[in-house]
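Input: a single structure, listed below in structure tokens.
The values are calculated or read from the model by the stated rules, or taken from the named source; none is laboratory data. Just so we're clear, the structure is a prediction, and the values are computed from it rather than from any experiment. Here the Cβ is made from the backbone with ideal geometry for all residues, glycine too, and neighbour counts use every protein chain on show. To get the accessible areas, we keep the full protein, side chains included, count just its heavy atoms, and leave off ligands, DNA and RNA. Shrake-Rupley method; radii C 1.70, N 1.55, O 1.52, S 1.80 Å.
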Amino acid sequence: MKKRRLVIRTIILLVLGAAVVYTLYANFTKDKKQKVAVGDSAPDFALVDIEGNKHRLSDYRGQGVFLNFWGTWCPPCKKEMPYINNQYHQFKDRGVQLMSVDIQESPLAVQQFADRLKLDFPIMIDPEKEVMNTYGVDLLPATFLIDKDGKVVKYHTGELTENMIKEFMEKIKP
Amino acid sequence: MKDVKCECGHVNPHGTVLCEACGKVLDERENKDQLLDMRYEGSARRSQTYNKTIVDKIWNFFSSVKVGVWLIIITLLASILGTILPQKMYINLPPDVYYEQEYGWFGKLYYQLGLHDLYGSWWYLLLISMIGISLVICSLDRVVPLYKALKAQRVTRNEGFLKRQRLFGTNHVIDDQDFDIVKKHLKEKHYHVREENGDLLAEKGRFSRWGPYVNHVGLIIFLFGGMLRFFPGMYVNENLWVKEGETTAVPETGETFYLQNNQFILQHYDKNKDKAFEKAIEQAGEVVKNYQSNVVLYKRVGESLPGEKPKLEKVTDYKVRVNHPLTFDGYSVFQSSFRSELKAMTFMLTNKNTNQTFGEMKINFEDPKEKYDLGNGYSVKILNYFPDFEFDKNGDPSTKSRVPNNPAFIFQMISPENPDGEKSFVAIKQTIEPFGDNTYKMAFKGIETKNVSGFIVRKDSTLWVIILGGILFMIGVIQGAYWNHRRIWVQNKNGQIWIAAHTNKNWYGLKREIEKVIEDTKLNMPDDQLQSEQADKGGV
């Protein structure tokens, strides 16, 4: 009898406690929640680059993908671009693909930006910010590292140094 | 701790004050001269008797009404604090700047204490949840013993119990048929009459005792509804900006619904047409009559990847106006804001000396062309386009954002005289000729703007839970407030007829009812012992 009472009270308190803990937890993480987190499989998407070629993430299954979101108005993006370009040439034949996504700009602005910085990798434009929203990107530049199985292994926001880019590409090399 | 066996044979849980079955006083501490305390039928509130493990201690803490009341008072005081200055969602500057700037040291303190986001702070949520826990445990701890006690009560009651009811009286002389008349009257008054060994128990309105608990269940559901907002997909409140002529995915619909904005309309009251408001309009200047967006709602059909152009199927046309949202699938799209954005600029290639023009070109900011051919050997190339122009830290031209707030161009003007072209930097109200005097200039001709409608997308699936909680709350209040639990005992004791009665409220009503019940009999009206007690004390 006494035992039953203890069990019932414990269960009720646990249920109530769990509800409170969940509410507090949800309230704290609601602003910080990352839509695509490390360990998740990277959502598939397809974009057209400024040359008119279509790129689909899942086509690169089996290779590592360096997915970079940027804009011409963002100074750190501008700084890291030449480094990305260098490392792109180092790794493109070693199984690492670069997917460079500009956020909703006009092709002319992007093309001229690429010409100014002498970038020769394919650049895609996300015209409706759909890919950006799918990946929950807020601050630019944002970089996702996706391994050969399509899993996100790292998410980085902010400027990258050439060494970091190299390290990142090594990491996802199949 | 053992159960207590009453002399009537009923076994009561430990801590019981009044025997559940016959009402005999079991607790010796109970004062013998006073009226009985009938709260919770003298049943054993479990929490007060067991106090052993940590679980019991937590349980007992929350079971106390005193604790519950304090929690409510503290929450009320905290809520008041949150109303002194505006909360963070109602300010339009970063909070670390706003509060100090607007309210000085007090504002700074207010911000540092975290009172700018009081209703979302962890301790406020904790207070509310503690009230919820207190509500659940208080109710459980009382309703179960009360239910058991009311269920176990027998018709024949202990003498001491009857004597110490507030309404009590004895009768020596009665007619044989009096008992039957009383019974008949009681039934006419919709009492539920039980008879045992020639004793009577008439009872009605017992369900009113459950009112407070129904009310509490409502409150708990209400709180639960508030908690549901934190579950993904239950509550959506997002901004959505759609330019005229564009189609955008509605947020939080999983890329299922798309909204196309055909036109944004802003109407003002016209002094000449709306004669009735003439004076007011003169006083206030421009008064907006209508904010409206003509939209088309689409639904995506088939699968498409993010970034691909989705296949859309039209659902409906709608004119979204203030307070007239477009609703679909649980979502409501409200008109909430608008802004105007540069859409295109027109220039004319002009000879600076002769002012002769050689055709005009319109640059669409969303998709500027690399080269504009004006014919007759005249053309203009855009060498550089900066939508939101500024000089960066190194003094190089660059752009602040992708929005054409301050567009600037470096043009190359090609003419038959200058087939290699002349360069000119053109920004708003500014022209720089990097290589000295040009023969030609890009004369600014005009701009086109387009409106961008601001919508709020809202979905609240928790509303029904909250409404249900509210309805239960009110049912509980009505149930407890408009009905009373009345009991009348008519019993044979020592050859006399004793009448005792109890109600949880409205004693006056009960007395009037008893008067009617004993009409046409020789039975006397029982005394109100509380009143006579007070009269004794007052010496009247």
Defining a contact as two alpha carbons under 8 Å apart and six or more residues distant in sequence, what relative contact order in percent does region B:165-209 show?
21
Rg/Rh for chain B to two decimals, with Rh computed the Kirkwood way over all alpha-carbon pairs.
1.26
Along Cα→Cβ, 7 Å out, is where each label goes; now give me the distance between the ones at B:Val315 and B:Asp420 in nm to one decimal.
6.0
Let's see if you can work this out: charge +1 on each Lys and Arg Cβ, -1 on each Asp and Glu Cβ, no other charges. What is the dipole magnitude of region A:46-172 about its Cα centre, in debye to the nearest 20?
280
In whole percent, the fraction of accessible protein surface over chain B that belongs to carbon or sulfur atoms, probe radius 1.4 Å, stands at 53
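Grab the beta carbon distance between A:Tyr22 and B:Phe61, set R0 = 25 Å, and tell me the FRET efficiency rounded to 0.05. Intermediate results must be reported in sequence, preceding the final value.
Details: r = 22 Å, r/R0 = 0.87.
Between A:Tyr22 and B:Phe61 the formula returns 0.70.
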Those helices of chain A passing the 18 Å axial Cα length cut-off and the mean Kyte-Doolittle cut-off of 0.0 (DSSP H runs only) are A:2-29
When A and B pair up, the total accessible heavy-atom area removed from solvent (1.4 Å probe), in Å² to nearest 100, is 3800
Please name which of B:Phe365, B:Asn353, B:Thr431 has its Cα lying farthest along the dipole of region B:341-450 towards the positive end, using unit charges on Cβ (Lys, Arg +1; Asp, Glu -1) and the Cα centre as origin.
B:Phe365
Cleavage-rule hits (GluC sites (Glu not before Pro)) in region B:425-523: DSSP loop, at most 13 neighbouring Cβ within 10 angstrom
B:Glu519
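Restricting to Cα pairs below 8 Å that are 6+ residues apart, what does the relative contact order work out to for chain B? Please round to a whole percent.
Working: 958 pairs, mean separation 99.4, N = 540.
Over chain B, the number comes to 18 percent.
Pairs A:Lys35/A:Lys129; A:Lys118/B:Lys362; B:Lys362/B:Lys400; B:Lys275/B:Lys343: which exceed 26 Å Cα-Cα?
Numbers: A:Lys35/A:Lys129 15 Å; A:Lys118/B:Lys362 29 Å; B:Lys362/B:Lys400 23 Å; B:Lys275/B:Lys343 36 Å.
Over 26 Å apart, Cα to Cα: A:Lys118/B:Lys362; B:Lys275/B:Lys343.
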If r is the Cβ-Cβ distance from B:Leu530 to B:Tyr235 and R0 is 60 Å, what FRET efficiency results, to the nearest 0.05?
0.70
B:Lys522 and B:Asp388 label points (each 7 Å along its Cα→Cβ direction) are spaced in nm at 10.1
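Give the average over all directions of the projected area of the C-alpha convex hull of region B:204-323, one decimal, in nm².
Numbers: hull surface 62.6 nm².
The directionally averaged projection comes out at 15.7 nm².
Using +1 on the beta carbon of Lys and Arg, -1 on that of Asp and Glu, and nothing else charged, what's the dipole of chain B about the Cα centre, debye to 20?
On the way: 69 positive and 65 negative charges, 276 e Å.
Its charge dipole is roughly 1320 debye.
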With the dipole of the protein assembly as shown defined by +1 on each Lys or Arg Cβ and -1 on each Asp or Glu Cβ, the option from B:His185, B:Val315, A:Pro75 whose Cα lies farthest towards the positive pole is B:His185
Under a no-solvent Debye model with one identical scatterer per Cα of region B:304-356, what's log10 I(q)/I(0) at q = 0.21 Å⁻¹?
-1.02
Radius ratio Rg over Rh of region A:46-172, counting only Cα atoms, Kirkwood formula for Rh:
0.91
If you line up the Cα atoms of region B:4-150 on their principal axes, what length do they span on each, largest first, in Å?
76, 32, 23
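Over all distinct Cα pairs, what is the inverse of the mean 1/r for region B:228-284, reported as the Kirkwood hydrodynamic radius in Å? Please report the intermediate quantities before stating the final value.
Details: mean 1/r = 0.0659 Å⁻¹.
Radius from the Kirkwood sum: 15.2 Å.
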Label-to-label distance, nm, for residues given as B:Phe106 and A:Lys129 (7 Å Cα→Cβ offset)
3.9
Taking amide H positions as placed 1.01 Å from N in the peptide plane, with prolines and chain starts having none, which residues 5 or more places from B:Glu308, or on another chain, fall under 5 Å of its amide H?
A:Ala46
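How long are the semi-axes of the equivalent ellipsoid of the protein assembly as shown, defined as square roots of 5 times the Cα gyration tensor eigenvalues? Whole Å, largest first.
Working: eigenvalues 1301, 199, 97 Å².
Taking √(5λ) for each Cα gyration eigenvalue gives 81, 32, 22 Å.
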Run through region B:208-301 and list the GluC sites (Glu not before Pro) located in a DSSP loop whose Cβ has at most 12 other Cβ atoms within 10 Å.
B:Glu286
Sequence-distant lysines (8 or more away, or on other chains) whose Cα lies within less than 16 Å of B:Lys163:
B:Lys24, B:Lys32, B:Lys493
Taking max minus min of the Cα coordinates of region B:437-489 on each principal axis, largest first, gives extents in Å of 115, 17, 16
What is the helix-to-structure angle for B:95-112, meaning the angle in degrees between its Cα long axis and the longest Cα principal axis of chain B, kept from 0 to 90 and rounded to the nearest 10?
30
